[in-house]
Amino acid sequence: MLDRPHIPRRYRAIFVSDIHLGTRRAQAEAFLDFLKVTESEYLYLVGDIVDSWSLRKSWIWLQSHNDVIQKLLRKARKGTKLIYIPGNHDENFRDFVNLRFGKVAILEETVHTSAKGKRYLVLHGDKFDGVVCFAPWLAKLGDSAYEASMSLNSSINRVRRFFRLPYWSLSAYLKFKVKKAVEFVSRFEDAVVREARQRKCDGVICGHIHTPDDREISGIHYLNDGDWVESCSALVEHFDGRFEIIHWHSRNTVAEDMSNRLLSPSPVEILPIPAKLF
């Protein structure tokens, strides 16, 4: 059983991306554990939830992957406003953009208004990745190399668990050690920040690059919710409008149940649909 972090149970909004269900590298059990102890008014799935690229090559669908889907749908049925923004690995779901299935809205992108009244552009981010846009074959080749590194990463962490050492991500280590990877991340961040500024937003929330982050870039609040392959991270908004990145593997205990604070939510502005979704 994975250790659970010391966190409150209820948030105003939760943002997750890059779960990659349909692959062996997806840490579905950890994500399901996170879903079981957290609740929110808004739950944003910011792309690459199901990995269609991998499923086309070989069918891998574990019971835990099915459990994640069922848990998400159950949350929606119980009143959580679920917004699904497809990414490049689940791009086939973009055929259903601007449709709503019960309490689940499928959108290309949207704007989330925080409790402080700040506007955040929410999108997966793959359209700002030149490799994905202009050389998709190279992106798929890179994805195969990434899968190989994650297989090696699993072996390394089995050994680390034997010696009671904490989880460590080989791919994240390589990403920050290789100069070209660092330059790619920097260009990506600059591009999404520019887009947020052009949309007259105060910040941007994205995924895609599997690198959780929370900082100001040129006056724009840049937030990346990370992934559930390497970092096992989620971005949450507290009821006072404060954002926090939760690193699931980095903490050891669960907080005692906290009293839910009932605050009036700010509306979610949907792009490009002018009508209210919920």
Legend entry - Amide H within-cut-off set for S40, under 5 Å, with H built and near neighbours excluded: Y11
Legend entry - Vicinal HN-Hα couplings computed from phi for the stretch 51-60 (Karplus, 6.51 cos²θ - 1.76 cosθ + 1.60; Hz; Gly/Pro x): 8, 5, 4, 5, 5, 5, 7, 7, 7, 10
Inset, instruction - Quick one: what are the phi-derived ³J(HN,Hα) couplings along the stretch 74-90, Karplus 6.51/-1.76/1.60 with θ = phi - 60°, whole Hz, x for glycine and proline? - result: 5, 4, 5, 5, 8, x, 5, 7, 9, 10, 10, 10, x, x, 6, 6, 10
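Calculate the tail of P(r) for the stretch 202-243: the fraction of all Cα-Cα distances greater than 16 Å, expressed in %.
When every Cα pair of the stretch 202-243 is considered, 37 percent fall beyond 16 Å.
Ranked by Cβ crowding within 10 angstrom, fewest neighbours first, how are V97, V192, V68, V122 ordered?
Least crowded to most crowded, the residues run V97, V68, V192, V122.
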Legend entry - Interchain or long-range residues, amide H under 5 Å from H221's placed H: G203, V204
Inset, instruction - Scan around D227 for amide H atoms under 5 Å from its own, H built in the peptide plane at 1.01 Å from N, and keep only partners 5 or more places away or cross-chain. - result: C232, S233
Inset, instruction - Take D213, D18, D126 and order them by how many other Cβ atoms sit within 10 Å, fewest up front. - result: D213, D126, D18
Legend entry - Backbone HN-Hα couplings from phi across the stretch 202-207 [Karplus 6.51/-1.76/1.60, Hz, Gly and Pro as x]: 7, x, 9, 10, 8, x
Legend entry - Sorted by Cβ neighbour density within 10 Å, fewest at the top, the residues S54, S231: S54, S231
Legend entry - Subset of K71/K118; K57/K78; K57/K103; K116/K200; K71/K200; K81/K200 violating a 28 Å alpha-carbon distance limit: K71/K118; K57/K78; K57/K103; K71/K200
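Values in this text are rule-based calculations from the coordinates and carry no lab data. All values derive from a computational prediction rather than experimental measurement. Note that we place each Cβ from the backbone using ideal geometry, even for glycine, and neighbour counts take in every protein chain shown.
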